[in-house]
Amino acid sequence: MGKFSREMILEKAEELARMIAETDEVNYFKKVEAKINGNRKVQEKIAEIKGLQKQAVNLQNYGKTNALQRVEEKIDQLEKEINEIPIVQDFKDSQYEVNELLQIVTKKIAETVTEEITKMKDEQTLKGPTD
């Protein structure tokens, strides 16, 4: 039987997750997210996009391709306008930083597990077959 149980590992994962949640990157992300949620201009454009997306689904269902194309162009224009708002760019940058941190942690765990497996194999090879 292994040294650590699945439950013990998951407990450590939760501890690591709590640590990550308290990093500067995540704290900044939460602040920027709150600003976006409180930004009327951004929220109005998001609501407008959602309404247009519903229209697009209906137009697609009825085969109204010309009208659908016009609605999709409006959606693209609104998305472009949203992306030009500085707080939205801050949000995207912050989101990227948090994702990068998570990827680094995931990669480190995978590398360490691989190293440990290799080390165990090497130790078994050095010991030779057991009788």
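Each reported figure results from applying straightforward, stated rules to the coordinates on display, with no laboratory input. Please read all numbers here as calculations on a predicted model, not as lab measurements. Backbone-built Cβ (ideal geometry, glycine too); neighbour counts: all protein chains shown.
Helical runs assigned H by DSSP (4 residues or longer) give the chain a calculated mean residue ellipticity at 222 nm of -30000 deg cm²/dmol, each run adding -39500 (n - 2.57) before division by the residue total. If you look at the Cα atoms of region 67-131, you get an Rg and a Dmax of 25.1, 78 Å. For helix 24-37, report the angle its Cα long axis makes with the longest principal axis of the Cα atoms of the chain; keep it between 0 and 90° and round to the nearest 10°. The angle comes out at about 20 degrees. Which of rounded, prolate or oblate describes region 40-84 when judged by the alpha-carbon gyration tensor and an a/c cut-off of 1.5? It is oblate, given that a/c is not under 1.5 and a/b is not larger than b/c.
Only Lys, Arg, Asp and Glu carry charge here, each on its Cβ (+1 for the first two, -1 for the last two); on that basis region 10-62 has a dipole of about 460 debye about its Cα centre.
Axis of helix 86-127 versus longest Cα principal axis of the chain: the two differ by about 20°, to the nearest ten degrees. Measuring nothing but alpha carbons in region 1-67 and taking Rh as the Kirkwood radius, the Rg to Rh ratio lands at 1.36. Charge dipole (Cα centre; +1 on Lys/Arg Cβ, -1 on Asp/Glu Cβ; no other charges) of region 40-84 amounts to roughly 200 debye. Angle of helix 6-21 to the longest C-alpha principal axis of the chain, folded into 0 to 90 degrees and rounded to 10: 50°. The aspartates and glutamates within cross-link reach of LYS80, meaning a Cα-to-Cα straight distance under 18 Å and a gap of 8 or more places when in the same chain, are GLU44, GLU48, GLU72, ASP90, ASP93. Note on the chain: dipole from Cβ charges, positive end direction compared against VAL32, GLY51, LEU126; the farthest Cα belongs to GLY51. Taken about its Cα centre, region 87-126 carries a charge dipole of roughly 120 debye when the Cβ of each Lys and Arg holds +1 and the Cβ of each Asp and Glu holds -1. Report which label in (1) -0.79, -1.02; (2) -0.73, -0.91; (3) -0.89, -0.98 holds the value of log10 I(q)/I(0) by the Debye sum over Cα atoms at q = 0.15, 0.17 Å⁻¹ derived from the coordinates of this structure. This structure yields the entry labelled (3).
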